[in-house]
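Following: one structure in structure tokens, then a few remarks.
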Amino acid sequence: MERVKLDIWVGIFVALGIIAMFYMATRVGNLTSNDVKKTYEVKAYFENIGGLKPRAAVKASGVVVGRIGSIVFDPEAFHAVVKINIDERYSFPTDTFANIYTAGLLGEQYLSLEAGGDDVNLKAGDLIVHTQDAVVLEKLISQFLYNSAGEDDDKDKD
Amino acid sequence: MNNILNFFEKLGASARSSLSGLGSCARLFFLTIIYSADSFKRFNLTIKEIYFTGVLSLVIIIVSAFFVGMVLGLQGYYTLEKYGSSEAIGVLVALALVRELGPVVTALLFAGRAGTAITAEIGLMKTTEQLSAMEMMAVSPVARIVAPRFWAGMISMPILATIFSMVGILGGYFIAVLIIGVDDGAFWSQMQANVDFHNDIVDGAIKSIVFGFTCTLIALYQGLVAPPTAEGVSRATTKTVVISSLSVLGLDFVLTSFMFV
């Protein structure tokens, strides 16, 4: 009798552990959701990738359709080569736009794909020609300052 | 001159004794592994120890986890609210618990709750010469006493740490969503978006296995080498808690710098 009771308690204990692990995997972690399984890889060149990181999300209309594979610097052409893994279920025209955006004001950066109008779709290994770099806040501010300084000069002329 | 020599002599002696302690600890580990097959033939012994170290620790683990989670929820909300991102409270609570607090606090509680019990029990067995009696009867004390406790610790610790993290997150949920009123959906969805199964949850589980190994082995070793007196056993029990806690905190730093940087 004593042994059976002991076994029951240990069984409950181990089961609790398994439930906790399962709970963490599904409810807390992201094992089940947005896991992109079969993908094809396309390339894109960027002058500046900002804070984009490998495994960052690739979104189209805000929906996650893939992940960033790798980011390397091409020492001959002096630009960043970004490999993009897109879910096989989705295909995009060859003249698709790839933009680097920031989620929220301080969020992390992601790649946004905006479909073009071409009839031919991107295949594995293709290059996305139309790209837009990450916005660098300092550049924006300096442009803004430069422009407003120019406005002041115009006023002085009047 | 003599002072300097004395200093080096003491340093050398302490280094030598801690090295030899580490060595016999490693020897105990290998002995345990060798005798594990023998002890698994009577798996009831291990189950009994799992009941003792694991099941009976559940209450203290669950209660402290719930309170740790609630405190994390309160304090995290206080800071995050200043930046207008109180929805990120779920991420904060989950990552803090899964990566650090779950394994570390569980290991500290485990060392205090189960480690001391192991040391005191084995130390007393040695004092009352039960271990020698077993050897006389050709029963290996390693197979009969040490191995079941070792495996019980190795099995219980990850389970306890996982339960700790889960209950802690529920505690954070209780405070953040039910009491303060953070949005329910944002709490979970942000958590799911930012907690990675392989990088966060599995690494936390690895940590808890390492801590379980460390705490159990230290407790067993201290029990076996305790001087067979009342004072010796009490000293050994204290040592178990001190050495286990310090090793857990030190190892945690090392593991974290390997895993998450």
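Yes/no per residue for (1) in contact with a helix residue (DSSP H, G or I) (Cβ under 6 Å, 6 or more places away or on another chain); (2) β-branched (Val, Ile, Thr); (3) away from every other protein chain (no Cβ under 14 Å):
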position	(1), (2), (3)
B:Ile145	no, yes, yes
B:Pro158	yes, no, no
B:Ala161	yes, no, no
B:Ile169	yes, yes, no
B:Tyr173	no, no, no
B:Ile179	no, yes, yes
B:Ile201	yes, yes, no
B:Cys215	yes, no, yes
B:Leu220	yes, no, yes
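Among residues of the range A:1-18 that are more than 7 Å from every other protein chain (Cβ to nearest Cβ), those with a Cβ under 8 angstrom from a residue that is at pLDDT 90 or above, sequence gap 6+ or separate chain, pair up as A:Ile12/B:Val55. Number of residues in the range B:181-195 that are at the interface with chain A (Cβ under 8 Å from one of its Cβ atoms) and of a type in the set (A, V, I, L, M, F, W, C): the value is 4. B:Val177: in contact with a Phe, Trp or Tyr (Cβ under 6 Å, 6 or more places away or on another chain), closer than 24 Å to B:Val71 by Cβ and of a type in the set (Val, Ile, Thr), yes or no? Yes; evaluated as a whole, the condition is true for this residue. Criterion applied to A:Phe78, A:Phe92, A:Phe73 was being surrounded by 13 or more Cβ atoms within 10 Å (Cβ to Cβ) and modelled with pLDDT of 85 or more, and the one residue passing it is A:Phe92. Being in contact with a helix residue (DSSP H, G or I) (Cβ under 9 Å, 6 or more places away or on another chain), modelled with pLDDT under 90 and not small (Gly, Ala, Ser) holds for only one residue in B:Phe40, B:Phe66, B:Phe29, and it is B:Phe40. If the condition is being over 25 Å from B:Gln222 (Cβ atoms) and either within 22 Å of the chain's Cα centre (by Cα) or not in a helix (DSSP H, G or I) (or both), then the range B:1-26 contributes only B:Met1. Checked against the criteria, B:Met154 counts as modelled with pLDDT under 95 and either out of contact with any helix residue (DSSP H, G or I) (no Cβ under 6 Å at 6 or more places or on another chain) or closer than 30 Å to A:Phe22 by Cα (or both).
B:Thr128 - would you say it is buried (at least 19 other Cβ atoms within 10 Å of the Cβ) and among the hydroxyl-bearing types (Ser, Thr, Tyr)? Here the answer is no, as B:Thr128 does not meet what is asked. Exactly one residue out of B:Gly204, B:Gly232, B:Gly223 is within 25 Å of B:Ala94 (Cα to Cα) and at pLDDT below 95, and it is B:Gly204.
Within the range A:126-151, restricting attention to residues that are closer than 30 Å to A:Thr94 by Cβ and among the β-branched types (Val, Ile, Thr), the residue that is surrounded by the most Cβ atoms within 10 Å (Cβ to Cβ) is A:Ile128.
Of the residues making up the range B:37-70, those that are over 20 Å from the mean Cα position of the chain (by Cα) and buried (at least 18 other Cβ atoms within 10 Å of the Cβ) number 3.
Contact map, the range B:27-38: first residue assigned to a helix (DSSP H, G or I), second residue polar (S, T, N, Q), Cβ cut-off under 8 Å, separation 6 or more or different chains; pairs are B:Tyr35/B:Ser140; B:Asp38/B:Ser140. Taken over the range A:119-145, residues that are in contact (Cβ under 8 Å) with a residue 12 or more places away in the chain and among the aliphatic types (A, V, I, L, M) amount to 9. Reported count of residues in the range A:63-120, each being among the aromatic types (Phe, Trp, Tyr) and not in a loop (DSSP other than H, G, I, E, B), is 4. Given the condition within 14 Å of chain A (Cβ to nearest Cβ) and of a type in the set (Gly, Ala, Ser), answer yes or no: does some residue in the range B:102-118 qualify? Scanning the range B:102-118, I find at least one residue that is within 14 Å of chain A (Cβ to nearest Cβ) and of a type in the set (Gly, Ala, Ser), so the answer is yes.
The values are calculated or read from the model by the stated rules, or taken from the named source; none is laboratory data. What you see is a predicted model; the values in this text were computed from it and never measured. Quick reminder, even Gly has a Cβ in these numbers, built from the backbone with ideal geometry, and neighbours come from all protein chains shown.
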